[in-house]
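K.L.:
Dropping a structure here in structure tokens format, bear with me for questions.
The values are calculated or read from the model by the stated rules, or taken from the named source; none is laboratory data. The structure presented is a predicted model; accordingly, all values stated were derived computationally and were not measured. Quick reminder, even Gly has a Cβ in these numbers, built from the backbone with ideal geometry, and neighbours come from all protein chains shown.
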Amino acid sequence: MTEPILVVDIGSWALSAAVVLPDRVHPVREPVSGALRWPAASPERLGAALSAIATEARPVARLVLSAPVTSRAAALEASALAGFPDAELVPDAGAAVLDPLTLLEVPEGGFVLVCDLGQTWTVTVAQMQHGRPVSLSQESSGSGRDLDVMLVADLRAQLAQWVEPAFAAGGDVSLRANLHALDVVRRLKHRLADVMEAEEEVEAGVPPYRLDRRRLDQLTEPGARWLVASARAVVARAGLGPSDVVTVLLVGGAARLPGIGPALHSGLGRPVTRPADPELAVLRGAAAWVRSRPARTVPAEPPAWRVEPLTWTVPGGRGRLVRWLVQEGEAYGRDTLLAQVRTADDSVYDLTSGRSEGILLEQRVAAGGLIDSGMVAAHARLEPAGVERFQLAKRHRLRATGDWLLMPDRRTLVECSSDGEYVKVRTIANGALVAELRPGRGTKQKRQAQLALGPGQQLALVTWDAEGHFSVWDVFSGRVTASFSDGHKPDAVLLNEAEWRLVTTGAGAAHVGRYRRDVATVWDLATGARLDRIVGEDLSRRFTGYAEASQADAFAPEMKSPDGRLYAAAADGALSVRDLETEAEVFRAELGAARRVSTAFCHEGRHLLVRGTDDEGTWVDVYEVLQPA
């Protein structure tokens with residue numbers, strides 16, 4: 001993504017917008033009030049509202065809208081009127097799940113219950129599919145509007161002698177009074193998320209309108225009951241139970257209502273997540289979707305085959321066809337004898353395919369017919385040659401502050417932060433999250449970590465701190481399988497995956513007479529038992545089979561594809577991929593300032609992975625290998 005993209009979240013009573021740039025997201029404020037929310041327009045005026053936002057945000061190249069499912073057609077029509085016929089739509093629930101402030105990490109195939117509580121309350125079950133949330137079941141109601149109407153009625157009852165004349169006046173006066181009252185009660189109900197009682201001045205000379213949390217809970221209670229019942233219904237319609245849901249995500253302005261979260265937690269028994277500024281969660285998620293999406297350019301596919309004429313230069317300029325030796329529909333290889341021709345002096349010449357191979361589609365001259373030099377005697381279907389046999393298309397880049405490991409079966413990538421804060425297992429094709437371990441959550445102790453493959457090729461994480469406290473974690477189950485403590489600060493930590501042992505060395509950690517000597521301790525990673533303790537010098541060189549990084553990593557500086565047809569290597573600042581059958585270079589990419597570059601093919605050979613390090617951290621580029629059909 002290089003061009004600025006305008007993202008607009010279309011709500012029932014307000015719009016919010018932001019311009020997404022390659023390096024930042026810039027909110028678009030309403031020019032008169034400076035607010036982050038723009039007043040909502042009627043469906044008939046939505047196009048004009050989008051035009052006004054685009055004018056304020058310009059220059060923008062494209063438009064992305066987040067809108068309720070029921071408003072998608074109207075949103076696309078309005079965007080076309082605003083000059084963006086190519087606008088894209090992101091479902092509200094999907095955008096909410098992608099909001100970076102929710103800190104959600106939903107595994108591939110996991111389910112999230114999204115409650116979008118604006119003027120319209122919508123409950124959606126979404127499933128992570130190929131790294132994207134997909135809506136499975138949904139229900140909506142007007143509970144948000146109903147609550148505001150009840151709050152306005154409560155305001156009118158409290159301040160009847162001051163405000164009722166305006167409401168009863170009719171016409172524009174009554175309309176303005178109602179809109180002003182709606183603004184007052186909306187601000188007030190959101191403030192009660194932090195205080196037990198609040199008040200808001202309606203206008204000069206009128207007592208303030210007071211509202212406490214008890215009264216708000218009373219008015220909210222019917223909507224909360226509907227919300228819990230609807231949540232159970234949409235979960236059941238998706239063929240699930242509440243226990244299948246990873247979390248309940250609350251977004252929208254009414255997510256601030258103090259009674260909603262506890263009601264859902266009590267009614268469903270699932271954790272409830274509410275991000276900061278929940279009314280902007282959908283906008284932030286849509287912006288994150290824009291920044292993470294792949295390029296929207298689709299190049300023409302290289303031709304899988306082409307039809308070409310077959311012509312020959314016949315000695316003497318003309319001959320009579322003796323016979324065809326390859327029939328229509330039959331394949332032939334290079335230098336294959338296709339036909340024979342007899343010249344005027346009764347010499348017979350063999351007509352071959354030359355250096356091309358293909359399928360004979362049509363014979364245009366029958367046996368006994370005349371063939372002139374340059375005359376089209378047949379048509380053949382040929383495969384494109386040379387570099388067209390394979391093409392590589394870059395699909396995505398994954399970044400981390402730690403390191404990457406490709407599992408030995410070459411089916412999944414493992415991302416590990418340098419401080420052991422997390423381990424994420426991802427698919428290769430789209431980077432979707434398969435599993436996650438966060439051993440560092442809740443601790444402020446600085447750690448180091450190393451990935452390793454234990455007995456049975458089980459993925460494990462070994463973590464340790466500066467005091468020499470070690471833990472061994474099973475990544476997929478999240479369990480600690482062993483823990484132990486050394487008596488000294490670790491100077492070097494080495495693992496032997498074959499024997500499932502760890503050795504830690506400490507400089508000057510042991511006393512021998514008046515002298516301090518280095519000490520190395522060998523531990524059994526399966527049980528946490530100490531196996532040996534050695535005192536000496538330069539101890540790390542004594543342990544063969546031990547290493548600072550996993551030896552099971554499938555990345556290598558050079559690699560052949562599983563079918564043996566391609567060869568990839570990183571050297572001299574460039575990635576090169578060669579076709580081993582034709583010895584032609586089919587792909588080349590400059591690597592710039594990248595260091596420690598290594599390559600690997602996935603288990604099927606459909607993707608090439610390139611891992612490298614630069615000043616910003618480590619990365620993995622994933623290329624799809626395209627072949628003719």
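K.L.:
Which is assigned to a strand (DSSP E or B) and of a type in the set (G, A, S), of S71, S79, S140?
P.N.:
Just one listed residue meets the conditions, S140.
K.L.:
Now for a separate question. Before we move on, is A600 aliphatic (A, V, I, L, M) and surrounded by fewer than 19 Cβ atoms within 10 Å (Cβ to Cβ)?
P.N.:
no
K.L.:
Give just the number: which of (1) under 46 Å from the mean Cα position of the chain (by Cα); (2) more than 24 Å from S12 (Cβ to Cβ); (3) in contact (Cβ under 8 Å) with a residue 40 or more places away in the chain does V163 not satisfy?
P.N.:
Only one criterion is unmet by V163, namely (1).
K.L.:
Right, here's the next one. Just to verify a result, which residue in the range 499-516, among those that are modelled with pLDDT under 90 and surrounded by fewer than 17 Cβ atoms within 10 Å (Cβ to Cβ), is nearest to P107 (Cα to Cα)?
P.N.:
Among those that are modelled with pLDDT under 90 and surrounded by fewer than 17 Cβ atoms within 10 Å (Cβ to Cβ), it is A507.
K.L.:
For the range 184-197, enumerate the residues that are under 36 Å from the mean Cα position of the chain (by Cα), exposed (fewer than 14 other Cβ atoms within 10 Å of the Cβ) and in contact (Cβ under 8 Å) with a residue 12 or more places away in the chain.
P.N.:
Of everything in the range 184-197, just one residue is under 36 Å from the mean Cα position of the chain (by Cα), exposed (fewer than 14 other Cβ atoms within 10 Å of the Cβ) and in contact (Cβ under 8 Å) with a residue 12 or more places away in the chain, namely R187.
K.L.:
Next question, about the same structure. Just give me the residues in the range 332-370 being modelled with pLDDT under 90, assigned to a strand (DSSP E or B) and surrounded by fewer than 16 Cβ atoms within 10 Å (Cβ to Cβ), in sequence order.
P.N.:
V348, the sole residue that qualifies.
K.L.:
Mind telling me which of the residues D491, D474, D465 ends up being under 19 Å from A547 (Cβ atoms) and surrounded by fewer than 19 Cβ atoms within 10 Å (Cβ to Cβ)?
P.N.:
D491
K.L.:
Going through G118, G110 one at a time, which residue ends up being outside the structural domain of L283 (by TED's automatic domain parsing), out of contact with any helix residue (DSSP H, G or I) (no Cβ under 7 Å at 6 or more places or on another chain) and either buried (at least 17 other Cβ atoms within 10 Å of the Cβ) or of a type in the set (G, A, S) (or both)?
P.N.:
Matching residue, one of G118, G110: G110.
K.L.:
Determine whether A181 is free of Cβ contacts under 8 Å to residues at least 12 places away in the same chain, closer than 18 Å to L211 by Cα and either in contact with a Pro (Cβ under 8 Å, 6 or more places away or on another chain) or assigned to a helix (DSSP H, G or I) (or both).
P.N.:
So A181 fails the test.
K.L.:
Oh, and also: Working only within the range 403-425, note down all residues that are over 19 Å from S477 (Cβ atoms) and in a strand (DSSP E or B).
P.N.:
Of everything in the range 403-425, those that are over 19 Å from S477 (Cβ atoms) and in a strand (DSSP E or B) turn out to be D403, W404, L406, L413.
K.L.:
Now for a separate question. Checking the condition in a helix (DSSP H, G or I) and among the aliphatic types (A, V, I, L, M), which residue from A193, A231, A198, A204 passes?
P.N.:
Selected residue: A231, the only one of A193, A231, A198, A204 that is in a helix (DSSP H, G or I) and among the aliphatic types (A, V, I, L, M).
K.L.:
Right, next: Consider A177 carefully, then state whether it is surrounded by 15 or more Cβ atoms within 10 Å (Cβ to Cβ), within 20 Å of L188 (Cβ to Cβ) and out of contact with any strand residue (DSSP E or B) (no Cβ under 6 Å at 6 or more places or on another chain).
P.N.:
Spelling it out, A177 is indeed surrounded by 15 or more Cβ atoms within 10 Å (Cβ to Cβ), within 20 Å of L188 (Cβ to Cβ) and out of contact with any strand residue (DSSP E or B) (no Cβ under 6 Å at 6 or more places or on another chain).
K.L.:
Quick check on A95: is it at pLDDT 85 or above, buried (at least 21 other Cβ atoms within 10 Å of the Cβ) and under 17 Å from A255 (Cβ atoms)?
P.N.:
yes
K.L.:
Something else: For A460, are the conditions met, namely being at pLDDT 90 or above, part of a strand (DSSP E or B) and under 29 Å from P408 (Cβ atoms)?
P.N.:
Yes.
K.L.:
What residue, among those in the range 371-388 that are at pLDDT below 85 and either touching a Ser or Thr at 6+ places or on another chain (Cβ under 7 Å) or among the aromatic types (F, W, Y) (or both), is nearest to T313 (Cα to Cα)?
P.N.:
L382
K.L.:
Working only within the range 396-425, note down all residues that are touching a Gly at 6+ places or on another chain (Cβ under 8 Å) and β-branched (V, I, T).
P.N.:
Once the filter is applied, which keeps residues that are touching a Gly at 6+ places or on another chain (Cβ under 8 Å) and β-branched (V, I, T), the range 396-425 yields only T401.
K.L.:
Among the listed residues R215, R210, which satisfies the condition of being at pLDDT 85 or above and assigned to a helix (DSSP H, G or I)?
P.N.:
R215
K.L.:
Hey, does the range 535-546 have a residue that's acidic (D, E), in contact with a Lys or Arg (Cβ under 9 Å, 6 or more places away or on another chain) and modelled with pLDDT under 85?
P.N.:
Yes, the range 535-546 contains a residue that is acidic (D, E), in contact with a Lys or Arg (Cβ under 9 Å, 6 or more places away or on another chain) and modelled with pLDDT under 85.
K.L.:
How about the range 543-600: which of its residues are more than 30 Å from L525 (Cβ to Cβ), of a type outside the set (A, V, I, L, M) and outside any strand (DSSP E or B)?
P.N.:
Residues satisfying the conditions are S561, P562, D563, G564, R565, D572, G573, E581, T582, E583, G592.
K.L.:
From (1) free of Cβ contacts under 8 Å to residues at least 24 places away in the same chain; (2) outside the structural domain of P490 (by TED's automatic domain parsing); (3) surrounded by 13 or more Cβ atoms within 10 Å (Cβ to Cβ), pick out the condition that doesn't hold for I534.
P.N.:
Of the numbered conditions (1) free of Cβ contacts under 8 Å to residues at least 24 places away in the same chain; (2) outside the structural domain of P490 (by TED's automatic domain parsing); (3) surrounded by 13 or more Cβ atoms within 10 Å (Cβ to Cβ), the odd one out for I534 is (2).
K.L.:
Any residue that is surrounded by fewer than 17 Cβ atoms within 10 Å (Cβ to Cβ) and touching a residue at least 60 places away in the same chain (Cβ under 8 Å) - is there at least one of those in the range 64-72?
P.N.:
Yes - at least one qualifying residue is present in the range 64-72.
K.L.:
Can you find a residue in the range 123-145 that is in the same structural domain as A254 (by TED's automatic domain parsing), on the phi > 0 side of the Ramachandran plot, in contact (Cβ under 8 Å) with a residue 12 or more places away in the chain and out of contact with any Pro (no Cβ under 7 Å at 6 or more places or on another chain)?
P.N.:
Yes, the range 123-145 has at least one match.
K.L.:
Would you tally the residues in the range 4-51 being more than 22 Å from the chain's Cα centre (by Cα), farther than 21 Å from L81 by Cβ, touching a residue at least 40 places away in the same chain (Cβ under 8 Å) and in a strand (DSSP E or B)?
P.N.:
Number of matching residues: 1.
K.L.:
Now for a different question. Can Q445 be described as loosely packed, with under 13 Cβ neighbours inside 10 Å, in contact with an Asp or Glu (Cβ under 6 Å, 6 or more places away or on another chain) and not hydroxyl-bearing (S, T, Y)?
P.N.:
Yes.
K.L.:
Answer yes or no: is there a residue in the range 52-61 that is among the charged types (D, E, K, R), part of a strand (DSSP E or B) and modelled with pLDDT of 85 or more.
P.N.:
Taking every residue of the range 52-61 in turn, none turns out to be among the charged types (D, E, K, R), part of a strand (DSSP E or B) and modelled with pLDDT of 85 or more.
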